[in-house]
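Below is one structure, written out as structure tokens; the observations come after it.
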Amino acid sequence: MLKHWNLFEKFLFGVNFTISVMFLVIGRDYGILPWLSFVASVSNTLCVILTAKKKVINFAWGVLGVVSYGIVALAYRNTGEWMLNFLFYFPTNIIAWIEWYHVSEDKIYVKSRALSRRQIVFMGITTIAGILAYAWFISLPGLQMFLYNGLTGFTFSKYLIDSFTVVCSIVGMILLIRQYREQWIIWIAVDVMSIVLWSITFEPTMILLWATLLTNAVYGFVKWRRAERV
């Protein structure tokens with residue numbers, strides 16, 4: 001699988017895999033949750049690197065990453081995160097897999113495109129409105145009691161961060177399905193805020209995962225832009 005990877009891609013995956021193993025060993029907890037964190041970190045890293053390479057097979061790793069990450073997010077009561085992964089990412093990864101395969105000429109790689117200015121303005125307005133609305137929804141005491149049989153104790157600012165990552169991830173996934181290069185800008189923002197989120201509900205492997213995804217998002221944006229100029 002690594003035969004056609006460049007040095008940066010091998011380095012990024014190698015660092016993530018090595019540190020993920022280190023966290024697993026240092027934690028000395030080999031229960032289901034640490035192992036799921038490990039699987040989520042490695043599989044999602046493979047997914048985003050293959051996405052940057054415009055390879056259709058990235059979604060196979062994406063499905064595995066979505067399920068494992070969703071369970072970890074549920075365990076830490078990150079409401080928006082587990083809802084996003086189970087209710088949105090899981091089905092859309094399958095939809096995106098089919099879409100990319102359909103539009104790919106060789107059934108291996110896809111081509112990218114750019115949004116118009118009108119599309120960018122519309123996306124910005126609807127995204128901001130969605131963030132505020134969803135933050136209000138997941139902060140409702142009644143919802144917390146229903147989901148966790150008690151209040152989470154989080155502040156509204158934490159719910160805003162949670163909502164930001166969820167809504168922007170939905171936007172990013174839609175752009176990804178349609179092969180728009182602007183998805184990478186969205187993913188950069190999501191990755192930064194996800195690092196903040198997992199720093200609040202401290203989980204080192206998840207912080208590592210999002211730091212890896214952030215690095216890859218910058219790399220993916222540059223790689224897709226360069227490909228368009230060829």
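The ranking of LEU208, LEU24, LEU143 by Cβ neighbour count inside 10 Å, starting from the fewest, reads LEU143, LEU24, LEU208.
Between VAL21 and MET145, residue separation times 0.36 nm minus the direct Cα-Cα distance comes to 41.1 nm.
Here's the list of aspartates and glutamates a cross-link from LYS53 could span, going by alpha-carbon distance under 12 Å and ignoring same-chain residues fewer than 8 apart: GLU9. How big, in percent, is the set of alpha carbon pairs in the chain lying more than 27 Å apart? Within the chain, distances greater than 27 Å cover 33 percent of Cα pairs. Contact order for the range 11-146, expressed relative to its length and based on alpha carbon pairs under 8 Å spaced 6+ residues apart, stands at 18 percent. The value of relative contact order for the chain, using C-alpha pairs under 8 Å at least six residues apart, is 22 percent. Taking every C-alpha pair closer than 8 Å and separated by at least 6 residues, the mean separation divided by the residue count of the range 121-181 gives a relative contact order of 39 percent. With 0.36 nm allotted per residue and the present C-alpha distance subtracted, the ILE174-VAL196 stretch has 5.6 nm of extension available.
Packing, as the average of other Cβ atoms within 10 Å across residues, places the peptides 93-100, 149-156, 131-138 in the order 93-100, 131-138, 149-156, highest first.
In terms of distances greater than 31 angstrom between alpha carbons, the cross-link table entries LYS107/LYS223; LYS10/LYS158; LYS158/LYS223 yield LYS10/LYS158; LYS158/LYS223.
A Förster radius of 22 Å combined with the Cβ-Cβ distance from TRP5 to ARG118 puts the calculated FRET efficiency at roughly 0.05.
Think of it as helices only: each DSSP H run of n ≥ 4 in the chain is worth -39500 (n - 2.57), and spread over all residues that comes to -25500 deg cm²/dmol at 222 nm. Applying the criteria of a DSSP loop state and at most 11 other Cβ atoms within 10 Å to the chymotrypsin sites (Phe, Trp or Tyr not before Pro) of the range 1-60 yields TYR30.
Laboratory data are not the source of any read-out in this text; all were calculated from the coordinates shown. In this text the structure is predicted, and so the values were computed from the model without any measurement. Using ideal geometry, Cβ is built from the backbone for each residue, glycine included, and neighbour counts are taken over all protein chains shown.
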